[in-house]
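> A single structure is presented below for examination.
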Amino acid sequence: MISFDNLTYHLDLDKKIYVGFSGGPDSTALLHLLHSNNITNVEVIHINHNLSNNSVEWEDHCRQISEELGFIFHAESLEIKIDGDGLESAARKARYKIFKKYLKEGEQILLGHHSNDVTETFLLRLFRGTGVDGLESLPIKRNVGDGYLVRPLIKLTKKDILTYLEVNKIKYIQDESNLEQEQDRNFVRNKIIPLIEQRWNKASSSIFNASDFIKIKNQSFEILFQEKFSHLISNKIKVKDLREIHEPFMVDIIRFSIKKENIAMPSKKVIEEIIKTFIHSSPGPKSEVSWSRADKEQPGGKIHYRDKCIFITKQ
C-alpha cells in the first residue's frame, strides 16, 4: 500500500498545490492520495489537448472527480502547434506554458510521473544519442516559472500505482492514444520494455537506479570541475588556455560554458567539429560552428573566433 507520508518530503504544505490531472491512472492516484491524506489546499488543472474524440468526455470526468473530492477545478484547452517540433514536445511546451501562468511564488504543480517514466525517458534519450547529462533521472523537484514542479510518485512503479487504484476501486481513464506505436515513447513503453522484461524482470528498476546514480555522479563531478576550472568557464575563452589542458577537460569546459549560457547542448559530432575548428586548426575571423536542437526547447548556439578567443553565443 502506498503511504503518502513518504511522498511529502519535497512539498510545502503551507503553499498552494496544483495537480496536473489528465484522468489517467497516475494523476488519478496522486489526486486521491492528496484527498485521503487531508491535503486541502489543492486545485486541479486539466489540460484538454483536443487530440482525441473523447477529449470532452475526459474533461467532464476530471471535473466530476475533482468536485467529488472537493477540489477547485480549472480546465484549459490547447491547440497544439507542432511548428518543427514532434507532437510530444509541442504538447509538453504548451502544458508548461499553462503551468507558468498559474504558479505564483512558491506554489507547486504536481505531476504523476513514476519510475517507469524515468526508464522510458532513459531509453529514448539513449537511442537518440544523448550525452551523460541526458541519462539523468527526472528531477523530483525543479523550478517552473515562479513556482515548482514536483513529482511525488517518482520512486513508485506503474504496478504500485495500478495496485493502489485496484485495491481502492478507483476508476480512471484509459487514453487510447497510449496504444498507438507511431510515437517513440509509446513504442518504447509498449514494445521495447515488455520485451526486455521478459528476460530481465527487474530491468525497469535497474535502469531507474542507474539513472539516479548517473545524476548523483554528474552532480559530484560538476562541483569538482567547477572548483578546478571556474576561471575558464565563460562565453569568452582564450584558445591558448584551452590548448594547454588535456582534451577531455577541454571538451567539458566548452560544454559547461554552453550550459551556463542556457544554450542547447551540441551533439558529439558538433563538439568534435568545435575542437577540430578552433583547437586543432588555425582559426580565423570566419571560423564558426553552429548547432540547434530539433525540438527547439532551448535556443541553438554558435561559436566564433575573434582576438585569439572563442565566443559562445545564442543563434
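The values are calculated or read from the model by the stated rules, or taken from the named source; none is laboratory data. Small disclaimer: the values here were computed from a predicted structure and weren't measured. When we count neighbours, we look across all protein chains shown, and the Cβ atoms used for this are built from the backbone with ideal geometry, even at glycine. These area figures cover heavy atoms from the full protein model, side chains too; ligands, DNA and RNA do not enter into them. Shrake-Rupley method; radii C 1.70, N 1.55, O 1.52, S 1.80 Å.
> Condition first: open to solvent by 20 Å² or more (accessible area, probe 1.4 Å) and in a loop (DSSP other than H, G, I, E, B). Can you find one or more residues in region 20-28 that meet it? First the steps, then the outcome.
Looking only at region 20-28, we keep the residues that are open to solvent by 20 Å² or more (accessible area, probe 1.4 Å), and these are 22, 26.
Next cut, in a loop (DSSP other than H, G, I, E, B) only: 22.
Within region 20-28, one or more residues are open to solvent by 20 Å² or more (accessible area, probe 1.4 Å) and in a loop (DSSP other than H, G, I, E, B).
> Is at least one residue of region 2-12 within 24 Å of the chain's Cα centre (by Cα), among the small types (G, A, S) and in a loop (DSSP other than H, G, I, E, B)?
No, that holds for no residue.
> Another question about this same structure. All but one of (1) surrounded by 14 or more Cβ atoms within 10 Å (Cβ to Cβ); (2) at pLDDT 90 or above hold for S137, so report the exception by its number.
(2)
> State which residue pairs qualify: first residue in contact (Cβ under 8 Å) with a residue 24 or more places away in the chain and inside region 250-271, second residue open to solvent by 70 Å² or more (accessible area, probe 1.4 Å) in any location, beta carbons under 6 Å apart, and separation of 6 or more residues or different chains.
So the pair list comes out as I263/K314; A264/R293.
> Return the only residue of N37, N50, N54, N116 being over 23 Å from R189 (Cβ atoms) and among the polar types (S, T, N, Q).
Going through N37, N50, N54, N116 in turn, the sole match is N37.
> Just need a number here: residues in region 100-109 that are free of Cβ contacts under 8 Å to residues at least 60 places away in the same chain and either of a type in the set (S, T, Y) or assigned to a loop (DSSP other than H, G, I, E, B) (or both).
Going through region 100-109 one residue at a time, the tally reaches 1.
> Which one of V188, V150, V144, V239 is closer than 30 Å to H32 by Cα and at pLDDT 95 or above?
Being closer than 30 Å to H32 by Cα and at pLDDT 95 or above holds for just one of V188, V150, V144, V239, which is V150.
> Let me ask something else about it. From the list E182, E166, E197, which residue is over 20 Å from R125 (Cβ atoms) and of a type in the set (D, E, K, R)?
E166
> Continuing with the same structure: Give me the pairs: first residue in region 225-249 and of a type in the set (K, R), second residue surrounded by 11 or more Cβ atoms within 10 Å (Cβ to Cβ), beta-carbon distance under 7 Å, and six or more apart or on different chains, which are they?
Listed pairs, sorted by first residue: K236/C309; K236/F311; K238/C309; R243/I279.
> For R199, which of the numbered conditions (1) basic (K, R); (2) open to solvent by 80 Å² or more (accessible area, probe 1.4 Å); (3) closer than 25 Å to S267 by Cα fails to hold?
(3)
> Residue by residue through region 110-139, note down the ones that are outside any helix (DSSP H, G or I) and either touching a Lys or Arg at 6+ places or on another chain (Cβ under 9 Å) or among the basic types (K, R) (or both).
L110, L111, G112, H113, H114, G129, G131, E136, S137, L138, P139
> If I ask for residues that are assigned to a helix (DSSP H, G or I) and of a type in the set (K, R), which ones from region 143-169 would you list? Write out each step before concluding.
Initially, region 143-169 is screened for residues assigned to a helix (DSSP H, G or I), giving 158-167.
Correct list: K158, K159.
> OK, next. Output the residue which, of all residues in region 72-86 that are open to solvent by 60 Å² or more (accessible area, probe 1.4 Å) and either among the β-branched types (V, I, T) or in a helix (DSSP H, G or I) (or both), is modelled with the highest pLDDT.
If we take residues in region 72-86 being open to solvent by 60 Å² or more (accessible area, probe 1.4 Å) and either among the β-branched types (V, I, T) or in a helix (DSSP H, G or I) (or both), then I72 is modelled with the highest pLDDT.
> Do any helices (runs of 4 or more DSSP H) entirely within region 216-305 hold 3 or more residues that are charged (D, E, K, R) and open to solvent by 60 Å² or more (accessible area, probe 1.4 Å), and if so, which?
Because the criterion is at least 3 residues that are charged (D, E, K, R) and open to solvent by 60 Å² or more (accessible area, probe 1.4 Å), the helices (runs of 4 or more DSSP H) in region 216-305 that meet it are 247-260, 268-278.
> Now a separate question. Report yes if I173 is in contact (Cβ under 8 Å) with a residue 12 or more places away in the chain, of a type in the set (V, I, T), under 30 Å from F249 (Cα atoms) and not in a helix (DSSP H, G or I), otherwise no.
Considered against the rule, which asks whether it is in contact (Cβ under 8 Å) with a residue 12 or more places away in the chain, of a type in the set (V, I, T), under 30 Å from F249 (Cα atoms) and not in a helix (DSSP H, G or I), I173 comes out as no.
> For region 40-71, which positions are of a type in the set (A, V, I, L, M, F, W, C), open to solvent by less than 20 Å² (accessible area, probe 1.4 Å) and outside any strand (DSSP E or B)?
C62, F71
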